[in-house]
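Just below is one structure, and these are the notes that go with it.
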Amino acid sequence: MSQALASSPVAEIVAELLTDAVRQAEAAAVLGIADVSLEVRCGCKGPGTVAWLDSLDVPVPEKFNSWLPLGERGRIARLGMTEFLIEGDAAVVERLTTTPRAAGVYPVQREDAALMLGGARVNELLRQTCNVNFAALNLADRPVVLTSLIGVGVTVLLEQTAQGLIYRIWCDGSYGRYVFETLHDIAHELGGGTVSPQHLYA
């Protein structure tokens, strides 16, 4: 199971498109996009996975396509019945990647491009790029949506933070540059742009 990428699959395009430091907070308030691909993560799946996670004291979302927080900045997402994405809590990821897997538990390589979107106009961007009505989802359910965004398969997690609602998006790293550049262009048209993650996630 993968832990952390050596480099972000979108690092070069992010460096090219990053908003001037003095304008980042302003851009993030309108519509910010940030790269969080280097957050530590791992994945696992299989019929024995729920019991294995329970044995390691890792909380398991009861509902399919939902998530739970891990520590201060981590999360575990249940993707369907028996596949899980764990991100952001280094201690939990370390435990999962160093503990021998039980029978019926298989690693899932997570070399994703991982992005965050937030700001007042984020739903305008999502309406242009995806056919899911995210505004209709119940945030109390901590939804996780597997869908298509600008023609690319993505996983989207909605998270309420002190800064407001943010959308975490994962896609295959090979599509990362296309996805990031396209979303940046739309964000820029709407008055936002590429920002550092701290401007979206306090």
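The values are calculated or read from the model by the stated rules, or taken from the named source; none is laboratory data. What you are looking at is a predicted structure, and each value in this text was computed from that prediction instead of being measured. Methodologically, a virtual Cβ is constructed for each residue, glycine included, from the backbone with ideal geometry; neighbour enumeration extends over all protein chains shown. Calculation scope for accessible area: heavy atoms of the full protein, side chains included, ligands and nucleic acids excluded. Shrake-Rupley method; radii C 1.70, N 1.55, O 1.52, S 1.80 Å.
Checking LEU157 against (1) touching a helix residue (DSSP H, G or I) at 6+ places or on another chain (Cβ under 9 Å); (2) open to solvent by less than 50 Å² (accessible area, probe 1.4 Å); (3) farther than 19 Å from VAL50 by Cα; (4) of a type in the set (A, V, I, L, M), which test does it fail?
(1) is the only condition that LEU157 fails.
If I filter the range 53-68 down to residues being assigned to a helix (DSSP H, G or I) and open to solvent by 50 Å² or more (accessible area, probe 1.4 Å), which single residue comes out as nearest to LEU200 (Cα to Cα)?
Once the filter is applied, the top-ranked residue is ASP54.
Select, from ALA114, ALA102, the only residue that is touching a residue at least 24 places away in the same chain (Cβ under 8 Å) and open to solvent by 10 Å² or more (accessible area, probe 1.4 Å). So that I can check it myself, show each step before the final result.
Numbers: ALA114 fails: open to solvent by 10 Å² or more (accessible area, probe 1.4 Å).
Residue meeting the stated conditions: ALA102.
Looking only at the range 170-199, how many residues end up being crowded, with 24+ Cβ neighbours inside 10 Å and part of a loop (DSSP other than H, G, I, E, B)?
Qualifying residue count, the range 170-199: 2.
Applying the selection to the range 14-33, what residues are in a helix (DSSP H, G or I) and either of a type in the set (A, V, I, L, M) or not assigned by TED's automatic domain parsing to the domain that holds THR161 (or both)?
VAL14, ALA15, LEU17, ALA21, VAL22, ALA25, ALA27, ALA28, ALA29, VAL30, LEU31 - these are the residues of the range 14-33 that are in a helix (DSSP H, G or I) and either of a type in the set (A, V, I, L, M) or not assigned by TED's automatic domain parsing to the domain that holds THR161 (or both).
Of the residues that sit in the range 69-89 and are in contact with an Asp or Glu (Cβ under 9 Å, 6 or more places away or on another chain) and aliphatic (A, V, I, L, M), which one is surrounded by the fewest Cβ atoms within 10 Å (Cβ to Cβ)? Steps first, please.
Taking the range 69-89 first, the residues in contact with an Asp or Glu (Cβ under 9 Å, 6 or more places away or on another chain) are 69-78, 85, 87-89.
Among the residues that remain, those that are also aliphatic (A, V, I, L, M) are: 70, 76-77, 85.
Working: LEU70: 18, ILE76: 22, ALA77: 24, LEU85: 24.
Looking at residues that are in contact with an Asp or Glu (Cβ under 9 Å, 6 or more places away or on another chain) and aliphatic (A, V, I, L, M), I get LEU70.
Only one residue in VAL40, VAL10, VAL50 is closer than 23 Å to ARG177 by Cα and open to solvent by 20 Å² or more (accessible area, probe 1.4 Å). Which one?
VAL40
Would you check if there is a residue in the range 16-31 being of a type in the set (Lys, Arg), touching a residue at least 40 places away in the same chain (Cβ under 8 Å), surrounded by 22 or more Cβ atoms within 10 Å (Cβ to Cβ) and under 28 Å from GLY119 (Cβ atoms)?
no
Looking at (1) touching a residue at least 60 places away in the same chain (Cβ under 8 Å); (2) part of a helix (DSSP H, G or I); (3) open to solvent by less than 40 Å² (accessible area, probe 1.4 Å), which is the one condition that is false for GLU124?
(3)
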